[in-house]
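*Asks:* So that we are looking at the same thing, I have put the structure below in structure tokens.
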Amino acid sequence: MIVQTPEPDQATGHVSDMYAGDVADVGFVFTHTRAMAVNPEAHAAFESLLKAAVPSIGLRTYELATLGAARAIGSSHCLLAHGRKTLRAGLVDEAQLERLARDYTDAGLSEADVAVMAFAERLSTEPQKMTDADTLRLREVGFSDRQIVDITIAASARNFLSRMLLALAVPVDEVPDLSPGLVEALLSPLEG
């Protein structure tokens, strides 16, 4: 990554808060956090967008939309970070997360969960081909109009951040608390 990022010992304001959050969580500042710290106002806006979307869909649906989009985009950063968040939040256990990472359609997820991941995947790979049928599927499995919009926001937000990190060639950090088998499973979509 050629972008020069704020040094932790010189961080102030929102950047200092961003860095402190990582240090409290994992003991160091993630490289992707440092990249976002170059424009802290954009980071704050991104976080505000997510905070506006998550309440209607809940953390589980948000993380599934995030993982679905990250799988489709091929974002190691987001697959690892959100795999860890999903696991730590107790949304799935490690065995189910491994299965979900390899093939979410055969991971014991509910019909609604699979629909969210499929929607996020399609949004991330073929948005120009999406039709009402894509959102209708979300309605058929029980999501309200507000939830459909917020699922779309969650997947679109992941597209923004994942593509930004990939475009800037931000190095991928080793993410703590993930077994080697889980790391391999989370990164398996990148092999295809």
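The values are calculated or read from the model by the stated rules, or taken from the named source; none is laboratory data. As the structure is a computational prediction, the values presented were derived from the model and not from experiment. Ideal geometry is used to build each Cβ from the backbone, glycine not excepted, and the neighbour counts take in all protein chains shown. Quick note on the areas: whole protein, heavy atoms, side chains included, nothing else; ligands and nucleic acids left out. Shrake-Rupley method; radii C 1.70, N 1.55, O 1.52, S 1.80 Å.
*Asks:* At a Förster radius of 25 Å, what calculated FRET efficiency corresponds to the Cβ-Cβ distance of residue 168 and residue 145, to the nearest 0.05? Write out the running numbers ahead of the final one.
*Replies:* Working: r = 35 Å, r/R0 = 1.40.
Calculated value: 0.10.
*Asks:* Right, another one. Counting Lys and Arg as +1 and Asp and Glu as -1, each charge on the Cβ, what is the dipole of the chain about the Cα centre in debye, to the nearest 20?
*Replies:* Details: 16 positive and 27 negative charges, 80 e Å.
The calculation lands at about 380 debye.
*Asks:* How many angstrom lie between the C-alpha centres of segment 100-169 and segment 4-19?
*Replies:* 32 Å
*Asks:* Now for a separate question. Of 97, 49, 123, which is the most mobile in a GNM of the chain whose springs link Cα atoms less than 10 angstrom apart?
*Replies:* Between 97, 49, 123, it is 49 that shows the largest mean-square fluctuation.
*Asks:* Determine the per residue accessible area of the chain with all protein chains present and a 1.4 angstrom probe, expressed in square angstrom. Could the numbers behind the result be given before it?
*Replies:* Values: 9250 Å² over 192 residues.
Dividing the accessible area of the chain by its residue count gives 48 Å².
*Asks:* Can you give me the orientation-averaged projected area of the convex hull built on the Cα atoms of segment 44-192, in nm²? All intermediate terms of the calculation are to be shown ahead of the outcome.
*Replies:* Working: hull surface 34.9 nm².
The orientation-averaged projected area of the Cα hull of segment 44-192 comes to 8.7 nm².
*Asks:* Counting only protein heavy atoms, what percent of the accessible surface of segment 64-173 is carbon or sulfur at a 1.4 Å probe?
*Replies:* 52 percent
*Asks:* Rounded, prolate or oblate: which one fits segment 65-114, using the alpha carbon gyration tensor with axes a ≥ b ≥ c (rounded when a/c is under 1.5, else prolate when a/b beats b/c, else oblate)? If you can, show how the numbers build up before the last one.
*Replies:* Values: a/c = 1.72, a/b = 1.17, b/c = 1.47.
It comes out oblate by the Cα gyration axes.
*Asks:* OK, next. Pulled fully out, how much extra length does the chain show between residue 129 and residue 25, if you take 0.36 nm times their separation in residues and subtract their Cα-Cα distance? Write out the running numbers ahead of the final one.
*Replies:* Values: separation 104, 0.36 × 104 = 37.44 nm, distance 3.93 nm.
Gain in length upon complete extension: 33.5 nm.
*Asks:* Ok, one more. The chain: longest stretch without exposed GluC sites (Glu not before Pro) (DSSP loop, at most 16 other Cβ within 10 Å), sites themselves excluded?
*Replies:* Working: sites that count: 174, 191.
Longest site-free region, per DSSP loop and neighbour criteria: 1-173.
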